[in-house]
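Chemist: The structure that follows is given in the form of structure tokens.
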Amino acid sequence: MAATALSKKKTTKSQKAPPKKKQKNEFFSTKHTATKELSDHSDTEDEEIVQNEDSEGDIGGSDSVSELSSDGDKPFTDDFLQGSEEDEEKGSGSKSGSGSDSDSDSDEYDIEKKSRAIDEERAREEQEADEEMQLNIKEESDEFRLPTKEELEEESERPPDLPSIQRRIKEIVRVLTNFKNLKQEGAPRKDYIEQLKKDLASYYGYNDFLIGALVEMFPVVELMELIEAFEKPRPMCLRTNTLKTRRRDLADVLINRGVNLDPLSKWSKVGLVVYDSQVPIGATPEYMAGFYMLQSASSFLPVMALAPQEKDRVVDMAAAPGGKTTYIAALMKNSGIIFANEMKPQRLNSLTANLHRMGVTNTIVSNYDGKQLPKVLGLNSVDRVLLDAPCSGTGVISKDESVKTSKSLEDIQNCAHLQKQLILAAIDMVDANSKSGGYIVYSTCSMMVAENEAVIDYALKKRDVKLVPCGLDFGCPGFIRFREQRFHPSLEKTRRFYPHVHNMDGFFVAKLKKMSNKKPNVDPSDPPENTEEGTRLAENEEEGTRLAKEEVGLSQSVKENSKRERTKLTKEKQDSSDGATGNGNVESLSTASKWKKRKFPSKEDVSKAREEKRQALRAEKRKKSIWRKDEWPCLS
Amino acid sequence: MRPLDESETTAVFGKLFKFVGNNLKNIVENPSHEGPDSNPGRYCFRLQKNKVYYVSEALVKRATNIARPNLVSLGTCIGKLTHGGSFHLTVQSLNLLASNAKHKVWLKPTSEMSFLYGNHVLKGALGRITENIAPGDGVVVFSMSDVPLGFGIAAKSTQDCRKLDPNGIVVLHQADIGGYLRMEDDL
């Protein structure tokens, strides 16, 4: 500050004044006139000394400069101080090139003037550079604006410019985190988010649906972390087969072969994570002898939650390729019995091969559709069920990039529908009165709420089950509410796992305990949640009663079925949001019928029957209107 | 799934006897801890789609629910019956054979991989060999760390092996655990 004060003094002397310094110059010009007066009044020697000190102060330390400026403030003390320092500074003054010559004032003055000019020039350049930088920074930070329509059109014609898209993504994320302050005038938050979605979709290769779904589930910063985590593969893990070896021994043998590995985490006693390997890890003699199984870390979780005991009867409804089944067998120490079921015949080979390789002897492998299993194995017959449901796979994008573009809303809803049926089948197989269990574990490798929390909520409503803690406390709890949906509060006992938080594939695990073997009949007089459903409900009620009364040979059980059909319809309306309910309706009809062991008519028959009934009713109404004069009793 | 009939049973037991000799009694009468009952049951042999399975009785009882076209596997598969009625052991029976084997051969670490690729066992690969092997006996092949690698038929007796040159075949390869990777679909 003292230096600038000095330079400003010099500025006035040499009559160069940048505009912003004008006001300061005025101030210092008054000071300067004061010093000038002083110098006028004082001796030439004093003036020399002043000038000496001026130049001295500029070249030398700031101490003398500050002294000088303070001297400038108090003109009368100047003389005194300058007089006392004269001796000290004359000697040092002789160093300075300018002003040491006491012979001629004018000479001195010229040289000093030049030096001051140079110094002032330098200082001014510095100042201007500073200002320019400030200006540039200001421009960048304040001026991000959303691209206009014309710019977007232009962009869509050119091939995508990845660095600029990435820059734009970062800018939008920054704006969204501090929206109030950084937003562009007149641009609502929605516009920013739309542009972000488009950019993310084009930069990372997602389709619109999936990006939209992810944006709805995560805040913006976490979303970026998640997407980045999906781009990289998760570390490969293996699980020690405790039927044949121990983790420590296996680790020693593998390290000898040249595999770089570590124990997985403190929550697993059998897991190992492989960083790199000199030999192919899937082809070592130890692998072939069945000492370990290559599995992802997230696949350990549902079996840990299931916690099968020795001598349990366990069903694994979607068992291929057998990683979880062999883990269950290892935990049970080959006692009890496991039913491993797999629907697709092509995957059965790998399932049986893995079972034999790992030395599992207590397993029966079957090839059924999971929904038919309760009929085959019997209701209320097993202790535990593991349902690792077929899903859309949105949590394992790092393994399978095609999921980014191939999933649509319809896919998710089809999966959700299948999962709901499977979970009901799973619950029906479990014996609630079993001594050691009555547990069902439901898991998926997806992150969509429609496939996870919604399915569990559906099960809670349909059967007498309740959620219990999984025992996996290091996960994130499941959602209790999501957008417009509200779930049962016990859903916070379910667990979600994310790649960017846990360094595992996206996963969801829920553990249910069956309380009783009854299947509750949902009360039909429950008030529906919105008027739309209310009218639909009334319509169905009429149809239901008509069905019951007028179809030939139908008994009370069918009426119950139709009630259940109607309530299932309302429930499904609440859960799913598109036209798949039609299908769901009929399929739920057929599943309902299975429990009553009746052959229910097919879809076409049902609609035909309804048409006929409607026509019959219309005919009757017409007849009624004619006969009203005779006071014919009302039929409805 | 059905129990084996006379000829099939003789074929299976005959093959097993080559490998395990009198330990066959152990195999048949092994108490099994599988099944949810606490009393150990017994093992039995069942036939499903030309494959012979060694299962404990508790499992067999419960597998009767499953329809024939849908039953894929139960317990341990030990081998396949051919169309002509003869029986071949497959690699999945290795655990059972290894625990009851009469004739064993141990391989040097450097020659393990060669056997796992499906080659026969040469004299130069032998680390150890049990006494009293006759040609035509079933031999189970181990690694030096006692991990079972596979099985085969002895080509020479133990005495003859000593006189053999290093490239002579000692054990003819029949099945090895490398088969889980090479022939997963054929198992």
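Bear in mind these aren't lab numbers, they're just calculated from the coordinates by the rules spelled out. Values in this document were obtained by computation on a predicted structure and should not be read as measured data. Neighbour counts run over all protein chains shown; Cβ positions are idealised from the backbone, glycine included.
Chemist: Taking θ as phi - 60°, what are the ³J(HN,Hα) couplings along the stretch B:103-110 by the Karplus curve (6.51, -1.76, 1.60), each to the nearest whole Hz, with x for Gly and Pro?
Modeler: Per-residue couplings from phi come out as 10, 10, 9, 10, 9, 5, x, 6 Hz.
Chemist: Turning to a different aspect of this structure: Quick one: grab Rg to one decimal and Dmax as a whole number for the stretch B:112-187, Cα atoms only, in Å.
Modeler: 12.3, 40
Chemist: If you place +1 on the Cβ of every Lys and Arg, -1 on the Cβ of every Asp and Glu, and leave all else neutral, what size is the dipole of the stretch B:89-169 about its Cα centre, to the nearest 20 Debye? List each step's numbers first, then the result.
Modeler: Numbers: 8 positive and 6 negative charges, 29 e Å.
The dipole magnitude comes to about 140 debye.
Chemist: If you don't mind, another one. Output wanted: per-residue J couplings in Hz (rounded whole) for the stretch A:363-375, from phi through Karplus 6.51 cos²θ - 1.76 cosθ + 1.60, θ = phi - 60°, x for Gly and Pro.
Modeler: 10, 10, 9, 10, 10, 10, 6, x, 5, 8, 4, x, 5
Chemist: In square nanometres and to one decimal, what's the mean projected area of the convex hull around the Cα atoms of the stretch B:40-187?
Modeler: 10.3
Chemist: Quick one: Karplus J couplings for the stretch A:445-453, per residue in order, coefficients 6.51, -1.76, 1.60, θ = phi - 60°, nearest Hz, x for Gly and Pro?
Modeler: In residue order, the calculated couplings are 9, 10, 10, 6, 5, 5, 9, 10, 5 Hz.
Chemist: Using only Cα atoms, find the angle between the long axis of helix B:6-20 and the longest principal axis of chain B, and express it within 0 to 90 degrees, rounded to the nearest 10.
Modeler: It is inclined by approximately 40 degrees.
Chemist: Using a cut-off of 12 Å between beta-carbons, work out the net charge of the residues near A:LEU472 (Lys and Arg +1, Asp and Glu -1, A:LEU472 not included).
Modeler: Values: positive: A:LYS493, A:ARG495, A:ARG496, A:LYS511; negative: A:ASP473.
It works out to a net charge of +3.
Chemist: May I ask which of B:LYS25/B:LYS61; B:LYS102/B:LYS163; A:LYS404/A:LYS513 have a Cα-Cα span longer than 28 Å here? Could you put the intermediate results ahead of the total?
Modeler: Details: B:LYS25/B:LYS61 23 Å; B:LYS102/B:LYS163 23 Å; A:LYS404/A:LYS513 35 Å.
In this structure, A:LYS404/A:LYS513 exceed 28 Å between Cα atoms.
Chemist: Under 5 Å between amide H atoms, partner at least 5 residues away or on a different chain: which partners does B:VAL171 have, H built in plane at 1.01 Å?
Modeler: B:VAL121, B:ALA155
Chemist: While we're looking at this one, here's another question. Taking 4 °C and 1.567 mPa s as the conditions, I'd like the Stokes-Einstein D for the stretch A:393-467 in µm²/s, using the Kirkwood hydrodynamic radius from alpha carbon pairs. Before the final figure, lay out the partial values.
Modeler: Working: Rh = 13.7 Å.
In µm²/s, the coefficient rounds to 95.
Chemist: Okay, moving on. Could you tell me which residue out of A:CYS445, A:THR405, A:THR494 lies farthest along the dipole of the stretch A:365-510 toward its positive end? Charges go on the beta carbon: Lys and Arg +1, Asp and Glu -1, centred on the Cα centre.
Modeler: Looking along the dipole axis, the top candidate is A:THR494.
Chemist: Neighbouring Cβ atoms within 10 Å as the yardstick, rank B:PHE19, B:PHE142, A:PHE474, A:PHE507 fewest first.
Modeler: Lowest count first: A:PHE474, B:PHE142, B:PHE19, A:PHE507.
Chemist: What ranking of B:GLU29, A:GLU216, A:GLU120 emerges when the number of other C-beta atoms within 10 Å of each C-beta is taken as an exposure proxy, fewest first?
Modeler: Values: B:GLU29 9, A:GLU216 12, A:GLU120 20.
Ranking B:GLU29, A:GLU216, A:GLU120 by Cβ neighbours within 10 Å, fewest first, gives B:GLU29, A:GLU216, A:GLU120.
Chemist: For the residues A:MET304, A:MET429, what sequence is obtained by ranking on other C-beta atoms within 10 Å, fewest first?
Modeler: The order, fewest Cβ neighbours first, is A:MET304, A:MET429.
Chemist: So, with +1 on the Cβ of K and R and -1 on the Cβ of D and E, and no other charges, what is the size of the charge dipole of chain B about its Cα centre, to the nearest 20 debye?
Modeler: The dipole of chain B has a size of about 140 debye.
Chemist: I've got another one for you. Note down the magnitude of the dipole of the stretch A:270-427 about its Cα centre, charges +1 on Lys and Arg C-beta and -1 on Asp and Glu C-beta and zero elsewhere, to the nearest 20 debye. Could the numbers behind the result be given before it?
Modeler: Details: 14 positive and 13 negative charges, 62 e Å.
For the stretch A:270-427, the charge dipole is close to 300 debye.
Chemist: Ok, one more. Can you give the direction-averaged projected area of the convex hull of the alpha-carbon atoms in the stretch A:320-425, in nm²?
Modeler: For the Cα atoms of the stretch A:320-425, the hull's average projected area reads 7.6 nm².
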